[in-house]
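What follows is calculated from the coordinates using simple rules that are stated; it is not laboratory data. Everything numeric here is computed off the predicted structure, so don't read it as measured data. Counting neighbours? That spans all protein chains shown, and the Cβs are built from the backbone with ideal geometry, glycine included.
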Amino acid sequence: MQVQTPLQTPSSNRFYLVGSLAFFLLVVTVLLGLYLGTETRRQFGEIEASWAHSNGDVGQKGVWISSIRGYMGYGGIIHNFKNYVLRRDESYVERAEEQLRQFGGVVELYLSHTTDERERQALFALKDTIDEYAMNFAVAREAVRLRLTIAEVDKLVRVDDRAAEQALADLEKVWTDARTLSTRRTFAAVYQGRALIGIGFVSIVALVLAAGAIGVMLFIMFTDMGTTLKRLSRELTARRDAEASEKRLASVVEQSPTTIVITDTSAHILYANRRFRELTGWEESEIKGQTPKFLQSGDTSTDTYDELRRALAAGQDWHGIFRNRKKDGSTYWAETRILPLMGPDGTVQNFIGIGEDITERRQAREQVARAQKLEAVGLLAGGIAHDFNNVLTTIVGAAHLAAMDAPKDSDLAGEIEQIEIAAKRAQSLVHGLLSFARREPGQAQPVNLCGVVQEVARLLRASLPPTVRIDVCGAMDKVMVLGDHTHLHQIVMNLGRNAAEAIGAGDGLIRIRARTAGATPEGLADRPDGWISLTIQDNGPGMSSETRARLFDPFFTTKPLGKGSGLGLVVVAGLVEEMGGRIEVHSAPGEGARFVIHLPGTSLAEAEGTLPGDASPAPRGSERILVVDDETEIAATWRRMLMRLGYRVEAYTSPRVAAEKLAADPGRIDLLVTDMVMPEITGEALANQARALRPDLPVIICTGYSPGAIQVDGPAPEILPKPVDPSHLAHRIRAALDGDKS
């Protein structure tokens, strides 16, 4: 509410008049004092400057002119020259030479301290005359040596020095004029100072009178002020009582912990309290006159707004939850109640909306649900990983053996390749589940990201319709990252498959690129080896903002029932985070999707022998290998594969029987290949028993799920994750037998 301004009265007019006059006199007094002080200071400065000029520059020049006149007059240079010509005494020459040096010094000093053209011309004329006498000394001395007469010598050395006399006179006149001017300047400053003193005395009297006038005016002013204040006090007391209840109500509304908005019947905002402004970030001037539409985030259905309008039109309250938009573009959840405010005649005059911010409460509930989903995934992954990897190991091994017998480029070879692709996709899913549950940490090492992309592209092309094209970085490109090869394979495969499924059966393009980031991505720390950006982009239908917001939630999927687990992108995000990177998503409806993954780069060379499925032919051998796995299919598959490569193989499904056979003749076995998780005896325990008999026996342990570090006595065993690629297994067996641990 606004307080009414009291009407103007004669006393208040007199108050303003007296105050204005007092202020005017005060300003005049201050300005006069400033003027007198400034002028007095200036006159003293003028006196000081004129005195310094008279006793400094002018005084010094007087000394120099006096010295020059001495050198030109009796006993000076010219006088000594003429005495030498008449008397031919060398002492005159010596005195003259000394005076010439002194004269030259005085003239040079004078010239260095003056810029007056008349003085300089006079000095040069004097110098020219003296220089002529100086040169004639040599002539005179030669004439004396030749014993010429005085008249003859005088004729040879005669100098016209009238110009020098005139120059000396001009020099003295300039000096005299300057001294006269300096004296006049000093007297003028003194006279003006006397005038200022007179003005000062008059000003003091005027100031005393002004002070008295100001005192009288102030007395009148304060008297009127007291009268006015008493009257205003009575008026304010009356108004304060009338406004107390209204202010208390306004304070309660303004300081309420809930948001309060009042609108007219057309939904235009008339008032919004402080909590609303702080929560949304909008200023009061930006809110007034607006309708609440500027809060809409697009996440509330039109049916909700229709229900709201129907309830208010019927004079009823409405209660619901909105996801509103803040000024900075972020959103918040508000539990809102909207009520119609009725007038005395029963008609709706305003609407009031009361809201409570429940964002943190809702996020906490969502985080609990997410944690429960994560726990469920972890239990699921730990339960199925071992058995599922054993099944995949059998499938991959059998497909490899079949591929060795299938004619190249035949239909049978193509079908076998499809089996391998499906098995590797299943392998990626299991690895993803284990990594997502944090039960299978990756091993960070230098990996050529373009090589991984090429490998995944080959698998994808074999399973995609011909209408979907894949454009990837060149086979010769080399972009090194620090990460786990298997996890990188899972990331590219997952995102590539998602892009292909988003495109569907129509024409489409998937573009995969790896490049060095020009600068450190926002939110990541600087690294000496920089960052690498992996971009996977498609021209599919794109995603809405709601889909993007839930993209990495466990079990969230936009695919039809039975077509997706809702874990693929969750696994990708977990793997990227484990490698110390970050994933970004850019998409909009109709504009496709672009995933940008920032991974740590490295300047190290790619480690050899770490890639699953080496492209080179499987090496052969003739050594005796002991294979132990509780799964009959795996033991049989590995036995057939290794025998095809020339090895002599003993395969057992019982680790206890295998241990007994090994104890009977330890020197008969050249290599032990064992599963990790087996009944009766674990692979770790079996390896330790073998090492107790043969400390130098090479050991390879294959595991579908490793709960922790494996401790084996002696040299560290080779650890291979299931399902093991047969070609990779063959290379690692050959390396173990040859003693190569690269």
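Each residue of the range 270-285 was assigned a 3J(HN,Hα) from its phi angle through the Karplus expression (A = 6.51, B = -1.76, C = 1.60, θ = phi - 60°), giving 9, 7, 9, 6, 4, 4, 5, 5, 5, 6, 8, x, 8, 7, 4, 5 Hz with x at Gly and Pro. Amide H to amide H distances under 5 Å link T703 with L720, K722, where only residues 5 or more positions off or on other chains count and H is placed in the peptide plane. Sorted on the mean count of surrounding Cβ atoms within 10 Å across their residues, most packed first, peptides 116-125, 77-86 read 77-86, 116-125.
Here the Karplus curve 6.51 cos²θ - 1.76 cosθ + 1.60, taken at θ = phi - 60°, turns the phi angles of the range 87-94 into couplings of 9, 6, 10, 5, 4, 5, 5, 5 Hz, with x standing for Gly and Pro.
When H487, H586 are arranged by Cβ crowding within 10 Å, least crowded first, meaning fewest neighbours, the order is H586, H487.
Quick one: which of K247/K327; K61/K82; K61/K155 span more than 31 angstrom between C-alpha atoms? Exceeds cut-off: K61/K155. Amide hydrogen proximity for V628: with H placed 1.01 Å from N in the peptide plane, the residues at 5 or more positions away or on another chain lying under 5 Å are Y652, V673, T674, D675. A protection proxy built from the mean count of other Cβ atoms within 10 Å ranks the segments 664-672, 516-524, 682-690, most packed first, as 682-690, 664-672, 516-524. Restricting the calculation to Cα atoms, the range 632-716 yields a radius of gyration followed by a Dmax of 12.5, 34 Å.
Looking at the square roots a ≥ b ≥ c of the eigenvalues of the Cα gyration tensor of the range 259-357, which shape do they give, rounded for a/c under 1.5, prolate if a/b is larger than b/c, or oblate? Note, shape of the range 259-357 comes out oblate. Mind running the shape call on the range 19-247? Use the C-alpha gyration tensor, a ≥ b ≥ c as the square roots of the eigenvalues: rounded below 1.5 for a/c, prolate if a/b tops b/c, oblate otherwise. Prolate, since a/c reaches 1.5 and a/b exceeds b/c.
Put simply, when 201-208, 463-470, 62-69, 447-454 are sorted by average Cβ atoms within 10 angstrom per residue, most first, you get 447-454, 62-69, 463-470, 201-208. Residues in the range 140-148 carry Karplus couplings, in order, of 5, 5, 5, 5, 5, 4, 7, 6, 6 Hz; the curve used is 6.51 cos²θ - 1.76 cosθ + 1.60 with θ = phi - 60°, and Gly or Pro positions show x.
In a reduced charge model with +1 at each Lys and Arg Cβ and -1 at each Asp and Glu Cβ, the range 19-247 shows a dipole moment near 740 debye about its Cα centre.
In this structure the amide hydrogen of V649, modeled in the peptide plane, comes within under 5 Å of the amide hydrogens of I625, none closer than 5 places in sequence on its chain. Classify the range 483-544 as rounded, prolate or oblate from the Cα gyration tensor: take a ≥ b ≥ c as the square roots of its eigenvalues, call it rounded if a/c is under 1.5, otherwise prolate when a/b beats b/c and oblate if not. Judged from the Cα gyration tensor, the range 483-544 comes out prolate (a/c at least 1.5, a/b above b/c).
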